[in-house]
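The values are calculated or read from the model by the stated rules, or taken from the named source; none is laboratory data. Note that the coordinates shown come from a computational prediction; the quantities given were computed from them, not determined experimentally. Please note: Cβ atoms are built from the backbone with ideal geometry, for glycine as well, and neighbour counts cover all protein chains shown.
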Amino acid sequence: MSQVEKATRFAGMHQQDKPVVLYNIWDAGGAKALVEAGTPAVATGSWSMAAAHGFDDGEAMPLDLVLAIVARICDTVDVPVTVDFEGGYAGDPGAVAENVRRVLRAGAIGINFEDRIVQGEGLYPVRAQADRIAAIKSMAEAEGVPFFINARTDLFLESVAATHGGHIAEAMDRGEAYRAAGADCLFVPGLTDPQLISDVVERAKMPVNVMMMGDLQSIKDATALGVSRISYGPGPFLKAQSDLKARYQQLASMTSNG
């Protein structure tokens with residue numbers, strides 16, 4: 001399957017009645033395992049990938065290492081691969097676009113792209129973030145790939161749940177600006193209230209992605225709210241680490257008792 005075919009297929013997976021479910025991985029082995037289990041697409045998680053290689057999240061992992069892992073994943077599986085690329089490892093639109101070009105050329109067909117200022121404070125102004133998205137989209141068009149941009153707003157992750165209702169208006173303004181700049185999906189991680197998610201879905205003019213966390217745990221419930229994409233963020237990595245520790249402790253206990 002060509003990269004263009006993968007990108008086109010991936011975009012078509014974003015359906016309200018049957019959302020694409022992405023159980024985020026961090027290496028080629030995880031990608032291969034999920035494909036063998038039947039997943040139609042693979043998504044990385046930045047926190048998981050960084051932690052799996054001894055780094056903190058927040059672009060602390062060297063970009064060249066990220067790209068090497070992405071290339072290995074894309075070479076290992078023949079399904080669409082989307083990359084959690086945080087803030088693009090740059091602030092300037094042109095520099096971001098060149099970094100994303102490297103992700104695209106590594107074989108990926110899309111990215112998550114945050115509006116928080118990584119290694120800084122707060123979020124990018126709406127116009128500034130829209131310019132960054134537009135630069136990525138322009139680059140991808142020049143490359144001839146319908147690259148899928150999952151525009152993430154950190155309004156909800158950066159605030160407590162009790163205040164989330166007060167951020168909906170800004171989230172919709174950001175989502176519309178990002179859509180106009182070329183984004184394909186609005187990602188609202190941290191938002192778990194069913195009514196608020198339903199409100200975002202109703203008002204957004206593009207697919208909506210939620211992350212399973214907190215009170216939001218059921219794929220059936222999320223699907224009923226009309227979302228088109230469901231992801232798990234660092235959850236799979238944390239579960240794998242917990243299982244690994246528990247297994248070791250069980251074995252160690254058996255050894256000490258023997």
Of residues in region 221-232 being under 21 Å from residue 25 (Cβ atoms) and touching a helix residue (DSSP H, G or I) at 6+ places or on another chain (Cβ under 7 Å), the one surrounded by the fewest Cβ atoms within 10 Å (Cβ to Cβ):
230
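Take the conditions exposed (fewer than 15 other Cβ atoms within 10 Å of the Cβ) and at pLDDT 95 or above and apply them to residue 249. Does it pass? It would help to see each step written out before you state the result.
Details: exposed (fewer than 15 other Cβ atoms within 10 Å of the Cβ): yes; at pLDDT 95 or above: no.
It is false that residue 249 is exposed (fewer than 15 other Cβ atoms within 10 Å of the Cβ) and at pLDDT 95 or above.
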I'm trying to understand the selection: among the residues of region 159-175, which are loosely packed, with under 14 Cβ neighbours inside 10 Å and not hydroxyl-bearing (Ser, Thr, Tyr)?
160, 162, 165, 166, 169, 170, 173
State which residue pairs qualify: first residue over 15 Å from residue 227 (Cα atoms) and touching a residue at least 60 places away in the same chain (Cβ under 8 Å) and inside region 2-31, second residue of a type in the set (Phe, Trp, Tyr) and assigned to a loop (DSSP other than H, G, I, E, B) in any location, beta carbons under 7 Å apart, and separation of 6 or more residues or different chains.
7/147; 23/232; 24/232
Yes or no: region 58-70 includes at least one residue that is at positive phi and without any contact (Cβ under 8 Å) to a residue 40 or more places away in the chain.
no
What is the residue count in region 208-226 for residues that are out of contact with any Lys or Arg (no Cβ under 9 Å at 6 or more places or on another chain) and farther than 18 Å from residue 82 by Cα?
13
Residue 179 meets each of (1) crowded, with 21+ Cβ neighbours inside 10 Å; (2) within 21 Å of residue 109 (Cβ to Cβ) with one exception, condition (1)
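Go through the residues of region 42-55 one by one and say whether even a single one is surrounded by fewer than 18 Cβ atoms within 10 Å (Cβ to Cβ), without any contact (Cβ under 8 Å) to a residue 60 or more places away in the chain and not in a loop (DSSP other than H, G, I, E, B). Break it down into steps so the answer makes sense when it comes.
Narrowing region 42-55 to residues surrounded by fewer than 18 Cβ atoms within 10 Å (Cβ to Cβ): 53-55.
Next, from what is left, pick out any that are without any contact (Cβ under 8 Å) to a residue 60 or more places away in the chain: 53-55.
Those left that are additionally not in a loop (DSSP other than H, G, I, E, B): none.
Scanning region 42-55, I find no residue that is surrounded by fewer than 18 Cβ atoms within 10 Å (Cβ to Cβ), without any contact (Cβ under 8 Å) to a residue 60 or more places away in the chain and not in a loop (DSSP other than H, G, I, E, B), so the answer is no.
I'd like the full set of residues that are without any contact (Cβ under 8 Å) to a residue 40 or more places away in the chain and in a helix (DSSP H, G or I), limited to region 214-237. Lay out the reasoning, then the answer.
Residues of region 214-237 without any contact (Cβ under 8 Å) to a residue 40 or more places away in the chain: 215-218, 220-221, 224-225.
Of everything in region 214-237, those that are without any contact (Cβ under 8 Å) to a residue 40 or more places away in the chain and in a helix (DSSP H, G or I) turn out to be 220, 221, 224.
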Failed condition for residue 166, given (1) over 28 Å from residue 147 (Cα atoms); (2) touching a residue at least 60 places away in the same chain (Cβ under 8 Å); (3) not β-branched (Val, Ile, Thr), with all others met?
(2)
Among (1) surrounded by fewer than 21 Cβ atoms within 10 Å (Cβ to Cβ); (2) out of contact with any Phe, Trp or Tyr (no Cβ under 9 Å at 6 or more places or on another chain); (3) not in a helix (DSSP H, G or I), the one test that residue 155 misses:
(1)
So if I check each of 183, 171, which one is in a helix (DSSP H, G or I) and not charged (D, E, K, R)?
171
If you take the residues in region 85-144 that are in a helix (DSSP H, G or I) and polar (S, T, N, Q), which one is surrounded by the fewest Cβ atoms within 10 Å (Cβ to Cβ)?
138
Suppose the filter is within 30 Å of residue 201 (Cβ to Cβ) and among the aliphatic types (A, V, I, L, M); does residue 33 pass it?
no
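Out of the residues in region 60-76 meeting the condition of being part of a loop (DSSP other than H, G, I, E, B) and within 18 Å of the chain's Cα centre (by Cα), tell me which one is surrounded by the fewest Cβ atoms within 10 Å (Cβ to Cβ). Explain how you work it out, then say what you get.
Restricting attention to region 60-76, the residues satisfying the condition of being part of a loop (DSSP other than H, G, I, E, B) are 60-62.
From what's left, within 18 Å of the chain's Cα centre (by Cα): 60-61.
Details: 60: 13, 61: 21.
The qualifying residue surrounded by the fewest Cβ atoms within 10 Å (Cβ to Cβ) is 60.
How many of the residues in region 18-35 are assigned to a loop (DSSP other than H, G, I, E, B) and either under 14 Å from residue 218 (Cα atoms) or out of contact with any Gly (no Cβ under 7 Å at 6 or more places or on another chain) (or both)?
Restricting attention to region 18-35, the residues satisfying the condition of being assigned to a loop (DSSP other than H, G, I, E, B) are 18-19, 23-24, 26-27.
Narrowing further to those that are either under 14 Å from residue 218 (Cα atoms) or out of contact with any Gly (no Cβ under 7 Å at 6 or more places or on another chain) (or both): 18-19, 23, 27.
The total comes to 4.
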